[in-house]
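**Student:** Please find one structure pasted underneath; my questions will follow.
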Amino acid sequence: MTKTKLTLSLIYLAVLTLVFSCKQKETSKNTYFENPEKGVQTGGIKIIPIKTPKGTFNIWTKKIGNNPKMKVLLLNGGPGATHEYFECFESFMPAEGIEFIYYDQLGCGNSDNPNDTSMWDLPRYVEEVEQVRKALNLDKDNFYLLGHSWGGILALEYALKYQDHLKGLIISNMVASIPAYAKYAENVLAKQLKPEVLKEIRDLEAKSDYANPRYMELLLPNFYAEHICRIPLDQWPEPINRSFSKMNQSLYVTMQGPSEFGVSGKLLKWDRVADLNKLTVPTLTIGAKHDTMDAQEMKMMSEKVQNGSYLFCPNGSHMSMYDDQENYFNGLIKFVKGVDGGEKKVAL
């Protein structure tokens, strides 16, 4: 073969490879946005009736994308917030072909609210997640569970009972012990406040005067802007504001308690550190430098589970999916794709 013919052949092969690659990507993209559901199309929304000791209630879910191998179910925090603050995921996950599913827990957002504090119970929420899993046909070959904040507690509890159904577990910005969190809030976070600010907050809490507008006036610039989301308050992303404005206060106070510097609700004694070594499913914990949760505790969790990975967000706080997006989503996506590729511990 002459040099000219060889060169032309190589160019032709390169062009074919490029075309084939583009067609593969296009096919993948089309498949991702393809809706396999039959009947009336609802934009991925599915209402799931769940059975509880107090009757049947409707749970709202919405899936974004379509990937048979990577489906991430999102558990919101609060407790009592909504799925809406996860909307930033739409800017990152579809481009990577990762399907994710919004889910408003009972009492939250678009789901039914029974207005019954006896329903705000961790074991019952675990069974709710299991019913949602079954209804969405999630299993060990495709099911990733991501819990943020209170959702991280729920995700961990679910995994300790039902990890055989999971492909991967992500615990975002939540430690495995409420007593440890309370100690960190008292000994570290509170001491970062100006003494006069802390005194006024403590005085209001001593009177249980949480409805006093002054309480939030103190917390917003001195605590929320430092440890919840480190974006200037007047520029907080709209999905965060929208979600927080719909907070179910009954659910929040019942589980967490009214104070931001400790826990006095049903979760007061919750502690699963001793059980972390029972988790065999690939697990990612996500911590952040400025979080309300101790980043070292998050790292410890990744070391105690059998197949743990740790992601640290050096610029982030509790909502590090917003104030440290590059680190948060690069690590999250790498973990999901790594587990999909067969890795148990993903180096981040």
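**Student:** Residue by residue through region 204-215, which ³J(HN,Hα) values in whole Hz follow from phi under the Karplus form 6.51 cos²θ - 1.76 cosθ + 1.60 (θ = phi - 60°), with glycine and proline marked x?
**Tutor:** 5, 5, 4, 8, 6, 8, 6, 7, 5, x, 5, 4
**Student:** Follow-up. If you take every DSSP beta bridge fully contained in the chain, what fraction is antiparallel? Give it as a percent rounded to 5. Kindly include the intermediate steps, with their values, before the conclusion.
**Tutor:** Working: 14 of 37 bridges.
Looking only at bridges with both residues in the chain, the antiparallel portion is about 40 percent.
**Student:** So, one more: If contacts are Cα pairs under 8 angstrom and at least 6 residues apart, what is the relative contact order of region 43-348 in percent?
**Tutor:** 19
**Student:** Another one. In terms of the Cα gyration tensor, with a ≥ b ≥ c the square roots of its eigenvalues, is region 70-169 rounded because a/c is under 1.5, prolate because a/b exceeds b/c, or oblate?
**Tutor:** Verdict is oblate for region 70-169.
**Student:** What percent do you get for the relative contact order of region 30-185 when only Cα pairs under 8 Å and 6+ apart count?
**Tutor:** Here the relative contact order equals 23 percent.
**Student:** Right, another one. Calculate how steeply helix 325-340 sits against the longest principal axis of the alpha-carbon atoms of the chain, using the helix alpha-carbon long axis, and give the answer as 0 to 90 degrees to the nearest 10.
**Tutor:** For helix 325-340, the angle is close to 60 degrees.
**Student:** What's the whole-number percent of alpha carbon pairs in region 43-348 lying beyond 29 angstrom?
**Tutor:** On the way: 14299 of 46665 pairs.
Across region 43-348, Cα pairs with separations above 29 Å total 31 percent.
**Student:** How large is ³J(HN,Hα) for each residue in region 164-180, as worked out from phi by the Karplus curve 6.51 cos²θ - 1.76 cosθ + 1.60 (θ = phi - 60°), to whole Hz, x for Gly and Pro?
**Tutor:** Using θ = phi - 60°, the values come out as 5, 8, 9, 9, x, 10, 10, 10, 9, 6, 8, 7, 9, 8, 5, x, 5 Hz.
**Student:** Given the options 263, 197, 129, state which has the largest fluctuation in a GNM of the chain using a 10 Å cut-off (strictly under) for Cα springs.
**Tutor:** Judging by the Gaussian network model, the answer is 197.
**Student:** If I fit a long axis through the Cα atoms of helix 3-32 and take the longest principal axis of the Cα atoms of the chain, what angle between them do I get, 0 to 90°, rounded to 10?
**Tutor:** It is inclined by approximately 40 degrees.
**Student:** Using unit Cβ charges (K, R positive; D, E negative) and no other charged atoms, how large, in debye to the nearest 20, is the dipole of region 43-348 about its Cα centre?
**Tutor:** On the way: 34 positive and 38 negative charges, 152 e Å.
In debye, rounded to 20, region 43-348 gives about 740.
**Student:** Same structure again: Looking at the chain as a GNM with Cα springs under 10 Å, which of 38, 191, 304 has the largest mean-square fluctuation?
**Tutor:** Result: 38 has the largest fluctuation of those listed.
**Student:** For region 33-119, rounded, prolate or oblate, judged on the Cα gyration tensor with a ≥ b ≥ c (square roots of eigenvalues), a/c < 1.5 rounded, else prolate if a/b > b/c?
**Tutor:** The shape class here is oblate.
**Student:** Need the C-alpha centroid separation for region 111-158 versus region 248-316, integer Å.
**Tutor:** First find each Cα centre; the distance between them is then 16 Å.
**Student:** Taking the Cα atoms of region 115-221 alone, what are Rg (to one decimal) and Dmax (as a whole number) in Å?
**Tutor:** Rg and Dmax of region 115-221, Cα atoms, are 18.7, 54 Å.
No value in this document is a laboratory result; all are computed from the given coordinates. Everything quoted here is computed from the prediction, not taken from an experiment. Cβ: placed from backbone, ideal geometry, glycine included. Neighbour counts: every protein chain shown.
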